[in-house]
Amino acid sequence: MTAPARAALLVVAILLLALGAFWGLNERRWAGPLYCFEQLGSVWGIAPVPPGITPECPASSSYRQDIRQGLGRAEQFRLSGWQPKALLGTLTGAGYRPQTDDLLDDDYSAFLFRGSERIQYSAVRQGSETLITVSGPPQKNR
């Protein structure tokens, strides 16, 4: 084999390895339990998750598929006690403003907006814990 042919073969092998690594890293997000987070460790990509709050994602396979296809966006957070507004300060601190504010027994719901972006914030009591979900359209730069 000639030197140019070996060099070309080496370049092709490196490109295939790089492509495989990129694909593997991308696919790992969708297989993991925190697939729904565009930025791990943050609330809606704007601030770190506060101490004592555990991020999680919906377990539904259809939800996973919708998020993967860019049809929606959702992040969930679990914390001890009934603290339905625990993350509202994080969102309002980033410029989101409440449009609604509805507390009904063990459920809380609010729509927030910032510019033309509108997101839904909901909290439900699950036993001795609060499950908060922030949802809305996917980021525009996907």
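The values are calculated or read from the model by the stated rules, or taken from the named source; none is laboratory data. What you see is a predicted model; the values in this text were computed from it and never measured. Don't worry about glycine lacking a Cβ; one is built from the backbone with ideal geometry, like all the others, and counts go over all protein chains shown. The protein model used for the area step is the full one, side chains on, heavy atoms only, and it has no ligands, DNA or RNA in it. Shrake-Rupley method; radii C 1.70, N 1.55, O 1.52, S 1.80 Å.
Label-to-label distance for Ile46 and Gln126 is 2.4 nm, based on points extended 7 Å past Cα in the beta-carbon direction. State the percentage of accessible surface on the chain attributable to carbon and sulfur atoms; use a 1.4 Å probe and exclude ligands, DNA and RNA. C and S atoms contribute 60 percent here. Computed over protein heavy atoms with a 1.4 Å probe, the accessible surface of the chain works out to 60 Å² per residue.
With helices as the sole contributors, the chain gives -10000 deg cm²/dmol at 222 nm; each DSSP H run of n ≥ 4 counts as -39500 (n - 2.57), and the sum is divided by every residue.
Taking mean projected area of the Cα convex hull in nm² as calculated from this structure, the corresponding entry among [x] 11.7; [y] 8.1; [z] 9.2 is [x]. Relative to the longest principal axis of the Cα atoms of the chain, the long axis of helix 3-31 lies at roughly 20 degrees.
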